[in-house]
């Protein structure tokens, strides 16, 4: 079973395997910190996504590469956004999406899809079914990251959907470690949603 899962790594450069494992460790830390509504979600996430930006470029998953670069940028934005306070009161606590944010999310999803399709078409990368899936996942994760930076509980729903789709995609591409990472991400995301939901309910009491 282990040989079946990880046999593809025998032809990989050692440094790529080390980088992937390092990124996974920081990725798991980042998702756990997000679950706990902890500001360390962002610095750990920056390390994770910075490494994956490079690796995904090497693996020719352009959509996911772009989203990881976007994660890096949005992590700095979220880091700033989460720390904003007025008289020691957090300005942007956990909340649900507003009507305007729903419209913005839809627009961001559509624009992301169009942009990634254009990139894949220009570079002639629609050569495998994973390229089409990567395009969809990129749109889902773009919106999810934007909502997380704004501390909206709905971000967890998008992470769960995107993670579930990513598990078979990365396995099919031969990146078993990353596929397992997304499986763990999915589990943590479910608990993250439940924990944030509990926080919202406590505020109403």
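Each reported figure results from applying straightforward, stated rules to the coordinates on display, with no laboratory input. Quick caveat: nothing in here was measured; it's all calculated off a predicted structure. Reconstructed Cβ throughout: ideal geometry from the backbone, glycine too, with neighbour counts over all protein chains shown.
Structure summary
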{"item": "Label zone at residue 89 (point 7 Å along Cα-to-Cβ), backbone N below 16 Å, region 188-205", "result": "203-204"}
{"item": "Packing-based ranking, highest mean first, of 162-170, 196-204 given that Cβ atoms within 10 Å are counted", "result": "162-170, 196-204"}
{"item": "Whether region 63-102 is rounded, prolate or oblate, judged on the alpha carbon gyration tensor where a/c under 1.5 counts as rounded", "result": "oblate"}
{"item": "With Cα atoms, 0 to 90° folded angle of helix 41-58 axis to the chain main axis", "result": "20"}
{"item": "Stokes-Einstein translational diffusion, region 33-95 - Kirkwood Rh over all Cα pairs, 1.002 mPa s, 20 °C, in µm²/s", "result": "169"}
{"item": "Using alpha carbons only: equivalent-ellipsoid semi-axes of region 1-142, gyration tensor based, whole Å", "result": "30, 22, 12"}
{"item": "Region 48-67 residues near the modelled residue 25 label - backbone nitrogen below 16 Å, point 7 Å along Cα→Cβ", "result": "48-52"}
{"item": "Global geometry of region 83-137, whether rounded, prolate or oblate, following the gyration tensor of its Cα atoms and the 1.5 cut on a/c", "result": "prolate"}
{"item": "Cα Rg over Rh - region 158-204, Kirkwood", "result": "1.19"}
{"item": "Relative counts (whole %) of C-alpha pair distances in region 62-205, using bins that are 10 Å wide", "result": "11, 36, 34, 14, 4, 0"}
{"item": "Relative packing of 103-110, 146-153, 186-193, which averages over residues the other C-beta atoms within 10 Å, highest first", "result": "146-153, 186-193, 103-110"}
{"item": "Helix 14-35 axis, angle to the chain major axis (alpha carbon atoms, nearest 10°)", "result": "20"}
{"item": "Relative contact order, percent, region 52-113 [alpha-carbon distance under 8 Å, six or more residues apart]", "result": "16"}
{"item": "Nitroxide proxy distance, nm - points 7 Å out along Cα→Cβ at residue 118 and residue 172", "result": "2.6"}
{"item": "The chain, relative contact order in percent, only Cα pairs under 8 angstrom and at least six apart counted", "result": "23"}
{"item": "Cα-based helix-to-principal-axis angle, 129-149 vs the chain, degrees rounded to 10", "result": "20"}
{"item": "Ellipticity estimate at 222 nm from DSSP helix runs (n ≥ 4, -39,500 (n - 2.57)) divided over the chain, nearest 500", "result": "-27000 deg cm²/dmol"}
{"item": "Over 16 Å [Cα-Cα, region 129-180], rounded percent", "result": "41"}
